[in-house]
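Derivation of every value follows stated rules applied to the coordinates shown; laboratory data play no part. What you see is a predicted model, and the numbers here were worked out from it, not measured in a lab. FYI the Cβ positions are ideal-geometry reconstructions off the backbone, even for glycines, and counts take in every protein chain you see.
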Amino acid sequence: MLQPRVREEIIRDSSTPLGMTKPCDKGVATGRSDVSSRVNSTTRGILLRKRRLSDTSLIVSWCTNSMGVLQTVARGGRRPKSPFAGRLDLFFEAELSIAISRKSNLHTLREVAVTNPFAGIRTNCLRTETASYFVELIEICTEREHHEPEIFNLLQRAFGFLAVNEPSARVISHFETELARIAGVHNAKSNPAVALANLFGKLPSSRARLLKHVTASAKTLPVK
């Protein structure tokens, strides 16, 4: 577990939903530090969460395809002219260069090259709310730095779907079913959400509210 006390950073931008920054052009950002005692590694990752570490730096959480869910420090990431500026937004997929710490589970983010901002998720609040629920569920169901590429692939597919489609109760159920299958607790007779809750002790508190919003939204859609 992380030792520094950190708080969520809320980014405000009146031109985008929920105060998120606008999708950026693809590019490479570099944050340098003294990492002589660390091992450099590259991976693909989807940004799950970011928190303030100091006046200038961020802690950024990723779901990666080769190193599981892990935490990185983006040194200088809060500075206006930081090389990371515009490249560390929620749900972004990127190629990462990370200096792996041998002493803690907090690693140093060195380079970020955005490959897919999943911009369509930001077109309405319901898509964003659904993506946030998927992130919360993965954080509950995934052991830190446990290599599970199927979880990364599941999240990548889910975000790709949400970028171009509206969420529904069926979409949420499918995600939960796939996650239960990966966790080894899914069967035809069990409810996947209940199975996950029994295995990990809880589900995100946001689930009930999300299902309520999705049901209400479905009633307003035109009948085809």
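Using label points projected 7 Å from each Cα along Cα→Cβ, tell me how many nm separate Ala208 and Lys103, to one decimal.
According to this spin-label approximation, the distance is 4.5 nm.
So what are the range 97-224's ellipsoid semi-axes, whole angstrom, largest first, if each one is the square root of 5 times an eigenvalue of the alpha-carbon gyration tensor?
For the range 97-224, the ellipsoid semi-axes come out as 28, 21, 12 Å.
Taking 0.36 nm per intervening residue step and subtracting the Cα-Cα distance, what contour gain separates Asn40 from His146 on full extension?
Going from the current span to full extension adds 36.4 nm.
Hey, for a label at Ala218 modelled as a point 7 Å past Cα toward Cβ, could you say which residues of the range 111-133 have their backbone N under 20 Å away?
124-133, by backbone N distance to the label point.
Give me Leu203, Leu106, Leu58 sorted ascending by neighbouring Cβ count inside 10 Å, so fewest comes first.
Working: Leu203 18, Leu106 15, Leu58 23.
Neighbour counts put them in this order, fewest first: Leu106, Leu203, Leu58.
Can you sort Ile121, Ile151, Ile182 so the residue with the fewest Cβ neighbours within 10 Å comes first?
Placing the least packed residue first, the sequence is Ile182, Ile151, Ile121.
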